[in-house]
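These notes are about the structure you will find just below.
Values quoted throughout were computed directly from the atomic coordinates according to the rules given, and no laboratory measurement underlies them. This one's a predicted model, so the numbers in the text were calculated from it and none came from an experiment. Cβ placement follows ideal geometry from the backbone for every residue including glycine, while neighbour counts extend to all protein chains displayed.
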Amino acid sequence: MARFVHQESETIEFKERWTDGALEALAAFANHKGGAVYVRIADDGRSVGCNVSDDEQQRVINQVVQTLGLRPRVRVEKRGR
């Protein structure tokens, strides 16, 4: 599996799947220095990704907007294995 080039830090959080924990991390980043949540990345930086549909992307965006009042920038990247 491909490894992600970044490491978790004060401004970077990895989540294997989209959960309430990802929303909590976004809220913390919004109230501090800013940051990014990378979904489908394990804590060790290993990609656990799969295809993400447009509907799934829109669901995540809507949840962030409705729950946190933030307008997230969402980018889907295809990584080699």
Inset, instruction - Quick one: in segment 1-36, of everything that is among the hydrophobic types (A, V, I, L, M, F, W, C) and in a loop (DSSP other than H, G, I, E, B), which residue is surrounded by the fewest Cβ atoms within 10 Å (Cβ to Cβ)? - result: VAL5
Legend entry - Search result, residues across segment 30-81 that are out of contact with any strand residue (DSSP E or B) (no Cβ under 8 Å at 6 or more places or on another chain) and on the phi > 0 side of the Ramachandran plot: GLY34, GLY69
Inset, instruction - For residues that are surrounded by 14 or more Cβ atoms within 10 Å (Cβ to Cβ), in a helix (DSSP H, G or I) and in contact (Cβ under 8 Å) with a residue 40 or more places away in the chain, tally how many sit in segment 37-81. - result: 4
